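What follows is a set of notes on a single structure, which appears directly below.
We did not get these values from a lab; they are worked out from the coordinates using the rules stated. Please read these numbers as outputs of a predicted model, since none were measured by experiment. Reconstructed Cβ throughout: ideal geometry from the backbone, glycine too, with neighbour counts over all protein chains shown.
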Amino acid sequence: MVLLSPEEYLETVKKPKRMIYINGELVEDLLEHPVTSSVLKVMMRSYEMEKDPAYKGVLTAKSFVTGREVSRSISVHRSTDDLCKRVEMGLTYAREFGTCYYACPGCDILTALAATTWEMDKELGTDYHSRLKAFIKELEDGDLRCSGAVTDPRGDRSLRPLDQPDAFVRVVEKRSDGIVIRGCKVHQSGAWANHYHLVIPNVALREGEEQFALACAVPAGGKGVKYVGQFNLYTAMRLKADPGDVPNLPYGFRETCVIIFDDVFVPWDRVFLCGEVNYVAGLVTRFANIHRMICGGSCKTGFMDIIIGLMALTAEGLGTSRARHIRNYLTKAVIMRNIIYACARMAAENGREDPEGSGFYIPDVIYANMAKLLSAEYFYEIMKYACDICGGMVVTAPSIRDLQVPDVGEKLKNYLKARMTAEERLKMARLFQLWLLHCPATWHGAGPPEYEMVFLRRAIDLEPFKQLAKKFI
């Protein structure tokens with residue numbers, strides 16, 4: 001079993017040097033920069049946790065390539081038990097970090113690729129699956145991680161890729177030794193902190209759109225790969241604010257970036273689909289079902305656990321914990337949390353082999369998409385309750401620094417205290433603010449609700465319901 005230590009992992013991401021721009025400036029030192037350091041701390045802690053015997057079997061798994069015990073982040077799902085353990089893994093990391101675990105999409109892509117390449121090799125006589133197995137062995141040998149490079153900018157949504165080729169990653173050249181790709185991927189959670197980017201399309205493609213039909217592994221920080229980090233209110237806070245004002249200081253807000261692929265060469269042994277448009281829908285669908293089970297019913301469940309605890313602590317600190325409407329808020333929040341987690345568990349337990357005979361397992365499509373759909377809606381509802389509990393301080397809270405101002409600070413401490421200190425109250429308000437920033441990410445991550453509804457409309461069969469009703473007519 002090869003498991004890197006946190007320090008060994010850190011050495012692996014120093015070379016090649018990542019070209020990361022944040023707020024118009026090139027990041028010179030990843031570990032010293034207040035934004036990038038939070039991503040590295042998440043990854044380092046994840047490596048540390050995988051060595052802990054308490055997480056054996058949840059954060060680790062048996063490799064289908066070598067039979068070794070490896071990180072579950074680079075394993076594929078071979079049973080419903082694997083799917084259930086993947087749900088537990090997402091929940092474990094969400095509760096540990098209070099933010100994204102940055103190898104999550106790449107993990108989910110691996111199973112989708114394994115299933116799809118197996119299918120292509122069987123039906124087309126290609127050697128994509130053997131290439132993928134060799135690549136997975138490389139990941140295992142080095143205990144490396146992958147990000148999932150899925151979302152294209154897409155530009156004008158009313159147009160197809162051929163009408164706006166720069167809005168989609170595409171193959172611009174085929175050579176005897178590989179391909180050259182160009183374009184960018186957006187909303188890439190902590191991508192640069194991984195070792196490879198697994199690039200796949202994020203829309204189904206048609207005949208004539210072969211240049212956009214590609215799946216490949218690109219080394220992070222490789223030649224022609226550049227990153228532009230997100231910049232929002234939390235980014236500005238990490239760069240400028242007093243550390244006491246920054247919630248979840250070690251691990252931060254989910255840090256994303258744009259990945260620019262500027263004519264990047266990919267050798268054939270790292271290409272797992274190239275031009276086979278008829279297999280893109282299957283690849284994307286398999287990935288979506290896995291990722292929605294995790295993003296919706298696993299990670300968001302862990303986040304809700306933190307928010308519910310924060311709501312309860314704030315209510316106690318303000319002396320409102322016995323108020324009926326506050327108790328109702330907390331009760332309904334737990335109900336919502338349990339519903340989406342139950343959907344994820346049902347998706348995993350009712351998973352099936354896909355394609356038949358492949359040995360790879362995909363979650364139940366209905367429960368997986370229900371988990372993501374309901375998590376998006378419930379997250380907003382819970383944050384509405386949270387804002388009511390916190391009160392106006394969720395918007396108007398002064399800085400922790402203001403508590404140190406001569407004369408004014410002592411008065412603030414006196415006026416803002418309740419059953420908790422003024423400092424505790426301000427820190428809780430800051431954490432509420434952080435979770436409010438998550439609302440759009442929760443809505444759109446793994447696809448907005450309409451995407452889930454598309455899958456659900458296709459998957460739900462009303463015929464059994466109609467036949468049942470006929471018995472009573």
*Cα convex hull of segment 282-462: mean projected area in nm², to one decimal?*
12.4 nm²
*asked:* Could you give each residue of segment 199-210 its phi-based ³J(HN,Hα) in whole Hz, using Karplus coefficients 6.51, -1.76, 1.60 with θ = phi - 60°, and x for Gly or Pro?
replied: 8, 9, x, 10, 9, 5, 10, 10, 4, x, 10, 4
*Expressed as an acute angle from 0 to 90° and rounded to the nearest 10, what is the orientation of the C-alpha long axis of helix 36-50 relative to the principal long axis of the chain?*
70 degrees
*asked:* Could you derive backbone 3J(HN,Hα) for segment 279-294 from the dihedral phi with the Karplus parameters 6.51, -1.76 and 1.60 (θ = phi - 60°), listing whole Hz in sequence and x where the residue is Gly or Pro?
replied: 9, 5, 4, x, 4, 5, 5, 4, 4, 4, 5, 5, 5, 6, 4, 7
*What are the aspartates and glutamates whose alpha-carbon lies under 16 Å from the alpha-carbon of residue 133, with same-chain residues fewer than 8 places away excluded?*
69, 108, 119, 121, 141, 143, 269
*Which pairs, out of 17/62; 15/62; 62/137; 372/466; 185/223, put more than 21 Å between their alpha-carbon atoms?*
17/62; 15/62; 372/466
*What spacing in nm lies between the two simple spin-label points modelled at residue 450 and residue 424, each 7 Å away from Cα in the Cβ direction?*
4.6 nm
*For helix 365-390, report the angle its Cα long axis makes with the longest principal axis of the Cα atoms of the chain; keep it between 0 and 90° and round to the nearest 10°.*
20 degrees
_Relative contact order (%) - criterion: Cα under 8 Å, at least six apart; region: the chain_ = 17 percent
*Where Lys and Arg each count +1 and Asp and Glu each count -1, what net charge lies around residue 358 among other residues with Cβ under 15 Å from its Cβ?*
-2
*Around residue 424, with a cut-off of 12 angstrom between Cβ atoms, what is the net charge of the other residues, counting Lys and Arg +1 and Asp and Glu -1?*
+4
*What is the ratio of the Cα radius of gyration of the chain to 2.2 N^0.38 Å, where N is its residue count, to two decimals?*
1.02
*asked:* Taking the Cα of residue 173, stepping 7 Å toward and past its beta carbon, and measuring to each backbone N in segment 233-270: which are under 16 Å?
replied: 261-268
*FRET E, pair residue 204, residue 262, Förster distance 30 Å, beta-carbon r, rounded to 0.05*: 0.70
*Pairing the Cα long axis of helix 449-459 with the longest principal axis of the chain, what angle in degrees results, from 0 to 90 and rounded to the nearest 10?*
50 degrees
*Would you compute, from DSSP H runs of 4+ residues alone, the mean residue ellipticity of the chain at 222 nm, taking -39500 (n - 2.57) per run and dividing by the full residue count, rounded to the nearest 500?*
-15500 deg cm²/dmol
*Dipole magnitude of segment 6-277, debye to nearest 20 (Cβ charges: Lys/Arg +1, Asp/Glu -1, about Cα centre)*: 160 debye
*Not counting the cut sites, what is the longest span of the chain without GluC sites (Glu not before Pro) that DSSP labels loop and that have at most 15 other Cβ atoms within 10 Å?*
33-206
_Around residue 454: net Lys/Arg minus Asp/Glu count, Cβ-Cβ under 13 Å_ = +2
